[in-house]
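Computed from the coordinates by the stated procedures, all read-outs in this text should not be read as laboratory data. Just so it is clear, the model here is predicted, and its values are computed rather than measured. When we count neighbours, we look across all protein chains shown, and the Cβ atoms used for this are built from the backbone with ideal geometry, even at glycine.
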Amino acid sequence: MDLLSAMASGFVVALQPENILAALVGALVGTATGVLPGLGVLGAMAILMPITLHLAPVTGIIMLAGIYYGAMYGGSTTAILLKIPGESGSIVTTIDGYEFARRGRAGAALMICAVGSFIAGTVSILGLSLFLPFLSDAALSFSSPEFCALAVLGALTLIRITGGDAMMGMMMLLVGMALATIGVDAVGGSTRFTFGTESLALGFDLVPVALGLYGMSELLQVLQTRKGFPKAESVRIRDMVPTRAEWRRAWPAIVRGSGIGFFVGLLPGPGSLTSTFASYAVEKGLARAHRREFGKGAVEGFAGPEAANNAVATSALVPVISLGIPFTPNVALLLGALIVQGIQPGPLLLTQRPDIVWGLLASMYIGNVALLVLNLPLVGLWVRLLRVPQYILVGAIFVVSIIGVYTLRSSMWDLVVLFSCGFAGFFLRRMGFDMAPLVLGLVLGPIFEKSLRETLFLSGGDLSIFVTRPISAVLVALCAVALAAPVVFSWVKRRGGWTKTVPAP
Amino acid sequence: MEQSRRITRGQVRIASAILTLFGALYTWQATRLPIGDPVGSEAGGTPMVIGVLWVLFGLYVTLRAPAPAVQDDEVGTWPSRAMAGRLVAVAALCGAYIVLLPWLGTIATSFLFMTAMARMCGAPWLRAMAASIVLAVAFWTLFVNVLDLSLPTGAFFNALRWG
């Protein structure tokens, strides 16, 4: 099947009425959740994921992808209007986007971000459509040792890049992997670590754990004060049209940001944050006439990073769809949702379930259009959402989370897990323990165990199989680099070899 | 302004030690599972690797115990006294939700939960109750009528209805 016909078949799936509705609802609900300060993209996805699991697999994944996009867009809205980044990718936007809004150009800033996100999303989806078949073909030469090494590489990379203490991250990853082993052994079928209880035999489902660690612990954080959400100024539709000069400055930044975002998203790492800072640095470096404006409301300062942020969101799906390995917590949740839906991502997904892959890609496009045509006119609604009293929203989000989790397996055990993870996550985060590795461990644990056991069967217990196969050897070498690089860097830095060269936004 | 205390290295050490203890318990349980031949190919192999690494990293973190840098109001500080009170109240409400759900059903339990949460967030009684009943019914409609899922109606109400 050539690319065009594959894309066409994807659009046939995505344009089914229920899938269009799922993309629209996902984009809207995601935006609504993303707009609320305190709930990041992960929190929004975790809270709404249980609902998507009751839909048909394609429809559910399309809705979840819509939530992902919507929440990211919502994060930009609060970054511009309130100087509160909805997620890490919007941090840069708070600098120039907010300053631009303070000049009375909030509507124009939102429009530039929305159009930039649309263009970036389109560029990235096209790139993804071109890249994916090649990468999936390459991934067909992967076997158990390669997947095992890749799972370790994914985990090590995430721990290295989350910014927290690496050893603490490692510990949380292992806790997540250990939780994944509790219950029924997916390979042999026996039960483990159940202490004879039926509840533990059910195991730790991804949804209550992720929802507890992210959604609920963030809601508990919202209770920190009773001040309610910050208030934003109203934005009128007629104020949303940027001037010709603003457009002229924005579009090259959008194009550059799209390219930067797409390529950064393909690499393991915190694509969102890295790409926005990279885009900001590029724009600041290229701006000659307006360089002094940076930090005070330069159009390029938010147009480029916002485009990069959106492009990353799409290209970060490449490793998940082609290899079944997530490199960021957001896509780890998407991967988890696929697995819960009974779909095994990986090199065979493109051949076994092309409807899912191409339908998802096509629906992303529809989601982008939905964000553009629905969210801009609805910007007034998002501002008004911030005026809904906190006392209504907090309780309501709690109850949606609880009911959503309960409906998955009609199990009280899942509610116990949800609440326990919520409180544990709240306190552990305060102590500096990052929760992303734990969720990743829960997702990667079964992949790692299955591939490790298969590898040991294949090799008769000989671990040298990891270094005698070329691809596996390269991955093991990359794992070694991921482990050793920070130690080497810090040693070189201590000797005064390098100075910090990260551009300050 | 609510005062917050900083989290100390000692407190991080205690948390890490508790996690490490759980790791040791997990590893001990893993030793009772079959390892298989070739080694590691049965149900106990991977848990053993995970458990041993968990304990090793746990011991390292416990001994080093890095003090969390105060980044914002989410990391590095304990909740204020008022916040701690609210957390205890939310924990009690969550526990009550689990206990009451099979008895009172989804609508009544959610109504009580949301009313209590709204009161805790400073809402007046009438507004708290009005918003909670509307939302409880809306969620029931969404999950049961729109998504066609089954939610507990409550043993108490079932008994009233069927005698």
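Specify the longest stretch of chain B that does not include any exposed loop site, a site being one of the trypsin sites (Lys or Arg not before Pro) with a non-H, G, I, E, B DSSP assignment and at most 13 other Cβ atoms within 10 Å. My reading of the result: B:33-163 is the longest stretch. Computed from Cα atoms, the angle from the helix A:41-52 axis to the main principal axis of chain A rounds to 60 degrees.
Roughly what % of Cα-Cα distances in the range A:264-333 sit above 17 Å, to the whole percent?
On the way: 1096 of 2415 pairs.
Counting every Cα pair in the range A:264-333, those more than 17 Å apart make up 45 percent.
Amide H contacts of A:THR191: A:ASP185, each under 5 Å away and 5 or more positions distant or on a separate chain (H built 1.01 Å from N in the peptide plane; Pro and chain starts excluded).
Starting with the highest mean, order A:248-255, A:433-440 by the number of other Cβ atoms within 10 Å, averaged over the residues of each peptide. Can you show the working numbers first?
Values: A:248-255: 20.2, A:433-440: 27.1.
Top to bottom by mean Cβ count within 10 Å: A:433-440, A:248-255.
For the range A:406-505, trypsin sites (Lys or Arg not before Pro) are listed when DSSP marks them as loop and at most 14 other Cβ atoms sit within 10 Å of their Cβ; the list is A:ARG495, A:LYS500. What the Cβ-Cβ distance of B:VAL146 and A:THR351 gives, at R0 = 25 Å and to the nearest 0.05, is a FRET efficiency of 0.10.
Which FRET efficiency value, to the nearest 0.05, do you get for A:LEU458 and A:ARG248 by plugging their Cβ-Cβ distance into 1/(1 + (r/R0)^6) with R0 = 60 Å? Please list the in-between numbers first.
On the way: r = 60 Å, r/R0 = 0.99.
With a Förster radius of 60 Å, E is 0.50.
Rg and Dmax, both from the Cα atoms of the protein assembly as shown and both in Å, are 24.6, 82.
Expressed as an acute angle from 0 to 90° and rounded to the nearest 10, what is the orientation of the C-alpha long axis of helix A:299-315 relative to the principal long axis of chain A? Relative to chain A, helix A:299-315 is tipped by roughly 30 degrees.
Model label sites at B:LEU59 and A:VAL184, defined 7 Å from Cα along the beta-carbon direction, differ in position by 3.7 nm. Taking the C-alpha atoms only, the angle from helix B:9-30 to the longest principal axis of chain B is near 80 degrees.
Here the simple spin-label model places points 7 Å from the Cα toward Cβ, and for B:VAL99 and A:ASP137 these points are separated by 6.4 nm.
Counting every other Cβ atom within 10 Å of each residue's Cβ, B:VAL144, A:VAL264 order from fewest to most as B:VAL144, A:VAL264.
Could you calculate the FRET efficiency of A:ARG387 with B:ALA17 from 1/(1 + (r/R0)^6), where r is the beta carbon distance between them and R0 is 60 Å, rounded to 0.05? Intermediate values should be presented prior to the final figure.
Values: r = 46 Å, r/R0 = 0.76.
Taking R0 as 60 Å, the efficiency between A:ARG387 and B:ALA17 is 0.85.
Would you order A:LEU3, A:LEU156 from fewest to most other beta-carbon atoms within 10 Å of each residue's own beta-carbon? Walk me through the intermediate numbers first.
Values: A:LEU3 13, A:LEU156 22.
Ordered by Cβ neighbours within 10 Å, fewest first: A:LEU3, A:LEU156.
Pairwise inverse Cα distances across the range B:1-158, averaged and inverted, put the Kirkwood hydrodynamic radius at 20.1 Å.
Note: the range A:43-197, Cα convex hull, 189 Å³ per residue.
Counting only the Cα atoms, the range B:72-122 fills a convex hull of 86 Å³ per residue. Label-to-label distance, A:ALA473 versus A:GLU18, with points set 7 angstrom from Cα along the beta-carbon direction: 5.0 nm. Sparsely packed loop sites in the range A:266-354 (the chymotrypsin sites (Phe, Trp or Tyr not before Pro) outside DSSP H, G, I, E and B with at most 12 other Cβ atoms within 10 Å) do not occur.
Rounded to a whole number, what is D in µm²/s for the range A:393-489 from Stokes-Einstein with the Kirkwood radius over alpha-carbon pairs (20 °C, 1.002 mPa s)?
On the way: Rh = 17.4 Å.
Calculated translational D: 123 µm²/s.
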